[in-house]
Amino acid sequence: MTVPHPDLGHGPNRDRNHDPDHGPTPDPLVLDGTELSSRLIMGTGGLSSLHTLEQALEASGTELTTVALRRYAPGQGDSLFALLERNDIRILPNTAGCYTARDALLTAELGREALETDWVKLEVIADEDTLLPDVVELLDATEQLVARGFTVFAYTSDDPAVARRLEDLGAAAVMPLGAPIGTGLGILNPHNIELIASRASVPVVLDAGIGTASEAALAMELGCDAVLLASAVTRAQDPVAMATAMRHAVAAGRLAARAGRIPARRHAHASSPMAGRIDTDAPDAGAADVPRGDWAPVGERP
Amino acid sequence: MTAITLNGRPHVVPEEATVVDLVAETVGRSLGPDGAPLDGGRLGVAVAVDAAVVPRSRWRRTPVAEGQAVEIITAVQGG
């Protein structure tokens, strides 16, 4: 398989803030025709300090963040909106807290009206213990929102069949969970995530369940186009440090996924040449004396 | 006076108040006829009356009627 090779000549060049001498990033995330240089999408929930949130968002390098829609409370909403605007971060309103397609539709319409965007992260939850997606309502809501002109980012289960159906219904991106929201359990079914990513023709965003940086990197290595996370950063002991870690993890995972990893093998494979070794006192220590493992050679395994 | 429910709580507005008046009162900013803030910033709120979205362009023409449930929502941290 030929692995598409990004232009790596500029070194770590995703950082538009610290790498001003180099041109546009060569490997953008394209969502609904919009190019983003960061493949990390951040949620904004979980931090009581807006100041820390702002620092964490900046450290993450994100260019797209989710927000929830709730009743206006004086002195509350303006500051988050202003924070995102002054940091030039796009807003992706979600339908968190909706249990039916009907609720999700109304919330999406309100988000479009309030935030002047057709983009919506569609979340339809089955119950509050698991917060797992109700895929029946989700498919219904996706179809209706697409018909109303929304760009739907569908938060879904890690079921490849459902992911395919969402794509067929016109979802702009499919966002399977790694694990239930806020659990930090990582990616419970890597095989399914890889299957979803390999079959999708729309961007796949690993959404929910990430606990630490290696899991974000794994999501990208499995073929996801982006990672969406909130709690892993906002509830970390040091949110800004974790945001930095996630930024690097997503970038590293993306590079690794495109670099063409070596196949896993059971036997060691020396990286130093055997020829030209220095002489030892045994003049003819035959190869037969070298202890060997008792596994079948790679390629001859059952 | 007209008694309504605003964001789940009882509320009264003057007779002949429209949605734009109610939004301006709630957010504490002056709004133009098109619903845009006169201070030049973005408003970032949306309105539903009896579970139906009222687009900003219609706020001025939409009277608030006795007994209606009005929701004024905005972006908060989440997701």
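The values are calculated or read from the model by the stated rules, or taken from the named source; none is laboratory data. No experiment lies behind these values; they were computed from the predicted model shown. Ideal geometry is used to build each Cβ from the backbone, glycine not excepted, and the neighbour counts take in all protein chains shown.
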Going through B:Ala52, B:Ala24 one at a time, which residue ends up being of a type in the set (A, V, I, L, M, F, W, C) and either more than 22 Å from A:Leu106 (Cβ to Cβ) or touching a residue at least 24 places away in the same chain (Cβ under 8 Å) (or both)?
B:Ala24
Here's a check for you: in the stretch B:51-74, which residue that is within 11 Å of chain A (Cβ to nearest Cβ) and in a loop (DSSP other than H, G, I, E, B) is surrounded by the most Cβ atoms within 10 Å (Cβ to Cβ)?
B:Trp59
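Being closer than 17 Å to A:Thr234 by Cα and modelled with pLDDT under 95 narrows it down to one residue among A:Gly97, A:Gly45; which is it?
Working: A:Gly97 fails: closer than 17 Å to A:Thr234 by Cα.
The conditions single out A:Gly45.
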Counting only residues that are surrounded by fewer than 20 Cβ atoms within 10 Å (Cβ to Cβ), within 12 Å of another protein chain (Cβ to nearest Cβ) and in a loop (DSSP other than H, G, I, E, B), the stretch A:101-137 contains a total of 3
From the option list B:Ala36, B:Ala24, single residue qualifying as exposed (fewer than 15 other Cβ atoms within 10 Å of the Cβ), within 14 Å of chain A (Cβ to nearest Cβ), at negative phi and at pLDDT below 95 is B:Ala36
Out of curiosity, is A:Arg86 surrounded by fewer than 21 Cβ atoms within 10 Å (Cβ to Cβ), free of Cβ contacts under 8 Å to residues at least 60 places away in the same chain, facing chain B (nearest Cβ under 8 Å) and closer than 25 Å to B:Thr26 by Cβ?
no
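The rows are residues; the columns are (1) without any contact (Cβ under 8 Å) to a residue 60 or more places away in the chain; (2) crowded, with 16+ Cβ neighbours inside 10 Å; (3) outside any helix (DSSP H, G or I); (4) facing chain B (nearest Cβ under 9 Å).
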| site | (1), (2), (3), (4) |
| --- | --- |
| A:Leu47 | no, yes, yes, yes |
| A:His51 | yes, no, no, no |
| A:Glu54 | yes, yes, no, no |
| A:Leu57 | no, yes, no, no |
| A:Val67 | yes, yes, yes, yes |
| A:Ala73 | yes, no, yes, yes |
| A:Leu80 | yes, yes, no, yes |
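Please indicate, with yes or no, whether at least one residue in the stretch A:141-152 is of a type in the set (A, V, I, L, M) and over 18 Å from A:Gly97 (Cβ atoms).
Looking for residues that are of a type in the set (A, V, I, L, M) and over 18 Å from A:Gly97 (Cβ atoms), one finds at least one in the stretch A:141-152, hence yes.
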Can you work out which of the residues in the stretch B:1-21 that are assigned to a loop (DSSP other than H, G, I, E, B) and within 14 Å of another protein chain (Cβ to nearest Cβ) is surrounded by the fewest Cβ atoms within 10 Å (Cβ to Cβ)?
B:Gly8
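Conditions (1) touching a helix residue (DSSP H, G or I) at 6+ places or on another chain (Cβ under 8 Å); (2) part of a helix (DSSP H, G or I); (3) closer than 26 Å to A:Leu138 by Cβ, marked per residue:
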{"residue": "A:Met175", "(1), (2), (3)": "no, no, yes"}
{"residue": "A:Ile187", "(1), (2), (3)": "yes, no, yes"}
{"residue": "A:Leu195", "(1), (2), (3)": "yes, yes, yes"}
{"residue": "A:Ala219", "(1), (2), (3)": "yes, yes, yes"}
{"residue": "A:Ala251", "(1), (2), (3)": "no, yes, no"}
{"residue": "A:Ala257", "(1), (2), (3)": "yes, yes, no"}
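What are the residues in the stretch A:197-217 that are in a helix (DSSP H, G or I) and under 9 Å from the mean Cα position of the chain (by Cα), if any?
A:Ala216, A:Ala217
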